[in-house]
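The values are calculated or read from the model by the stated rules, or taken from the named source; none is laboratory data. Every value quoted in this text rests on a predicted model; they were computed, and no experiment measured them. We place every Cβ from the backbone using ideal geometry, glycine too, and count neighbours over all the protein chains shown. Accessible surface areas use protein heavy atoms only, side chains included; no ligands, DNA or RNA. Shrake-Rupley method; radii C 1.70, N 1.55, O 1.52, S 1.80 Å.
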Amino acid sequence: MAANPMHQFNVHKIGPEIKIGGIDLSFTNASLFMLFSAALILIFLLFGTKEKKIVPSKIQLISEMLYNFVAKMISDTAGKKAKPYFSFIFSLFIFILFCNMIGMLPYSFTVTSHIIVTLAFAVFIFVGVTILGFVIHGFKYLKIFVPSGVPAVLLPIIMVIEIISYLSRPISLSVRLFANMMAGHTMLKVFGGFVISLGLVAGWLPLTFSIALTGLEILVAFLQAYVFAILTCIYLNDALNLHH
Amino acid sequence: MNKIVGFLTFLLFAANNLFAAESGMPQLDPTYWASQVFWLAIIFSSIYILIAKIFIPKIKGNIDAREDKIRKDIEEANLLKEEADKKLKEYNVLIEEAKLSAKKILLDSRKKLNEDIQTKKEQVEKEIQKEIKNAEKEIQKLKINSSSKVNLISEEIVSNIIKDIFGEDLNKSSIKATVSEITKGYKN
């Protein structure tokens, strides 16, 4: 095992090389863990919806709680108009949550610790929300850069700030998730390395720290999935209900 | 804290050597970027379709069914409660009516009884009065009869005594006069 704490983020291909139009699309360990997450989600939902009981079983209750959790999150932030996007937000939340949680298992790979994955999500959401805004409001959607009740003198500056903040949304959204996951896993690895190098004598201190950090990382894994989903809801809200 | 540390590491590595995976962050090695996005798109869109078409409707249907059941049950319970209240009211009305009619019957029968008693009393009193009057008449008659009889007896006794003493009869009318005179004195 390499001591390099960044080694865990290495991507290597599994199986044959797949090249389409000169682009390498090989199946990698990242793809494998995406598949793991997806499979786990499907198994969970399959068991969660297998029985239709009035008094739910435990797994059914969990799936319904998850549903109600996401439903409440969407209705609180984006209102009733966001109902058609419920499935997307639900899938997004549960996928990121499972990827983060699977990443917490030792020797596993954290899909969301790669900037390209989170960036793909963020850009997709950004482009989708922007198109949605223009489709619903037409050119009035540009009003999102002109907050109401701002003095005319300040308006140009505010507009520039608003445009920058709007355009930086995909970056902040993707870097937040990616950096959190990467930093957490790097720290866990570093402290794990300290336990080995300090040995039986002084290794206990980084070990306790490592245990505490694992708890924190599980919290962060959930929290970042939640934050990602809720920010998506907020962006969606801006596009659906234009009131800035 | 976590976020800041992560971001700083990211910036540091990004500034140092952007595309050197071996010495820095494997995340910035673009070799498998296309592959990652490609597989992410496939996997995420497939679970999105499965969730949107199968699982969300299932969960929603189940939750709705439960809420429906609960609402229906509550409605039914309310209906039953209303019916029970109605029945209770009906019962109370019936009881009230029965009480009233019982009272009425009681009053009526009491009145009738009183009247009966009154008439019977009056009749009896009348009869008693009549009887008393008859009795008085009879007593009067008896009184008169007895006094005349007493007179007769007295007259006979007197005439017998006189006959025994004097050996001869006395004028009967004079004896009668004397006796009636004496009895008059007793009478008053």
>> Pull out all pairs, ordered by first then second residue, where Cβ-Cβ is under 6 Å, the residues are six or more apart or on different chains, the first lies in the range A:9-37 and is at the interface with another protein chain (Cβ under 7 Å from one of its Cβ atoms) and within 19 Å of A:PHE178 (Cβ to Cβ), and the second is of a type in the set (Ser, Thr, Tyr) and not in a helix (DSSP H, G or I).
In response: A:VAL11/A:THR28
> Inside the range B:66-90, can you point out the residues that are more than 28 Å from A:LYS52 (Cα to Cα), open to solvent by less than 90 Å² (accessible area, probe 1.4 Å) and acidic (Asp, Glu)?
Replying inline: B:ASP85
>> Let me confirm something: among B:GLU181, B:GLU138, which residue is acidic (Asp, Glu) and at pLDDT 85 or above?
In response: B:GLU138
>> Quick check on the range A:89-97. Is at least one of its residues farther than 30 Å from A:HIS137 by Cα, away from chain B (no Cβ under 11 Å) and surrounded by 15 or more Cβ atoms within 10 Å (Cβ to Cβ)?
In response: yes
> Regarding A:LEU177, is this residue aliphatic (A, V, I, L, M) and under 30 Å from A:HIS243 (Cβ atoms)?
Replying inline: yes
> If you check A:LEU119 against the conditions, is it in a helix (DSSP H, G or I), farther than 14 Å from A:SER37 by Cβ and touching a Ser or Thr at 6+ places or on another chain (Cβ under 8 Å)?
Replying inline: yes
> Are any residues in the range A:192-244 in contact with a Lys or Arg (Cβ under 8 Å, 6 or more places away or on another chain) and outside any helix (DSSP H, G or I), and if so, which ones?
Replying inline: A:ASN241, A:LEU242, A:HIS244
>> Looking at the range A:41-52 only, could you name the residues that are at the interface with chain B (Cβ under 8 Å from one of its Cβ atoms) and open to solvent by less than 80 Å² (accessible area, probe 1.4 Å)?
In response: A:ILE41, A:LEU42, A:LEU45, A:GLY48, A:THR49
>> I'm trying to understand the selection: among the residues of the range A:121-143, which are in contact (Cβ under 8 Å) with a residue 60 or more places away in the chain and crowded, with 17+ Cβ neighbours inside 10 Å?
In response: A:PHE121, A:ILE125, A:PHE126, A:VAL129, A:THR130, A:LEU132, A:GLY133, A:TYR141
>> Here are the criteria: (1) more than 11 Å from chain B (Cβ to nearest Cβ); (2) under 30 Å from B:ASP64 (Cα atoms); (3) open to solvent by 40 Å² or more (accessible area, probe 1.4 Å); (4) of a type in the set (Ser, Thr, Tyr). Tell me which single one A:TYR85 does not satisfy.
In response: (1)
> Any residue at all in the range A:104-120 that is open to solvent by 30 Å² or more (accessible area, probe 1.4 Å), farther than 24 Å from A:ILE171 by Cα, small (Gly, Ala, Ser) and in contact (Cβ under 8 Å) with a residue 12 or more places away in the chain?
Replying inline: no
> Got a number for residues in the range B:28-65 being acidic (Asp, Glu) and either within 7 Å of chain A (Cβ to nearest Cβ) or crowded, with 16+ Cβ neighbours inside 10 Å (or both)?
Replying inline: 1
> Which residues, counting only those in the range A:208-235, are among the hydrophobic types (A, V, I, L, M, F, W, C), more than 30 Å from A:PHE126 (Cβ to Cβ) and exposed (fewer than 15 other Cβ atoms within 10 Å of the Cβ)?
Replying inline: A:ILE211, A:ALA212
>> Against the condition in contact with a His (Cβ under 8 Å, 6 or more places away or on another chain) and either more than 13 Å from chain B (Cβ to nearest Cβ) or open to solvent by 10 Å² or more (accessible area, probe 1.4 Å) (or both), how does A:PRO147 come out, does it pass?
In response: yes
>> For the range A:165-189, give me the residue count where each residue is at the interface with another protein chain (Cβ under 10 Å from one of its Cβ atoms) and open to solvent by 40 Å² or more (accessible area, probe 1.4 Å).
In response: 2
